[in-house]
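Worksheet for the structure shown next.
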Amino acid sequence: MGNTHLGYYTVLARLRRGWSVHKTINTPLRHKGGGKTTHGKTGSKEYVAWKAMLGRCFYTGYHAYHRYGGRGISVCERWRTSFEAFLADVGPAPSSSMSLGRLDNDGNYEPGNCCWQTAKQQAANRSTPTRNDRGQ
């Protein structure tokens, strides 16, 4: 397995050990031995967004998993296995105030359905919460 798989499985292992999602995605990966840096973007806005995307879709312990992976939202294979591919397709965030969003709220994280959005754009694309989402 390449280093991208190592990162993915390290994140899953951290989450299973009880780390918070925030701590998991903001703690750089530490490679033991001969690991090489492939992109030098660990900790960047783009890398944190990529890791958070993976957590929302694949980690059942994520607090809002039921709104992402739990309802069938997934990540395309190209992005799931490679931060570099994700960054090549989405590009760098135009500003620090933007976050990763999906154009079709019911669609997967994949090229053509994701872009950097403002908070206002994100709010306009939100699905209506169910009673369970509101804690009732």
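Each reported figure results from applying straightforward, stated rules to the coordinates on display, with no laboratory input. Keep in mind that this is a model prediction, so the values were computed, not measured. Using ideal geometry, Cβ is built from the backbone for each residue, glycine included, and neighbour counts are taken over all protein chains shown.
Observations
- Search result, residues across segment 66-79 that are touching a residue at least 12 places away in the same chain (Cβ under 8 Å) and part of a helix (DSSP H, G or I): His66, Arg67, Gly69, Arg78, Trp79
- Criterion applied to His39, His63 was being in a loop (DSSP other than H, G, I, E, B) and farther than 18 Å from Leu15 by Cβ, and the one residue passing it is His39.
- Residues satisfying the stated conditions in segment 62-120, i.e. of a type in the set (Lys, Arg), closer than 25 Å to Gly40 by Cβ and crowded, with 18+ Cβ neighbours inside 10 Å: Arg80
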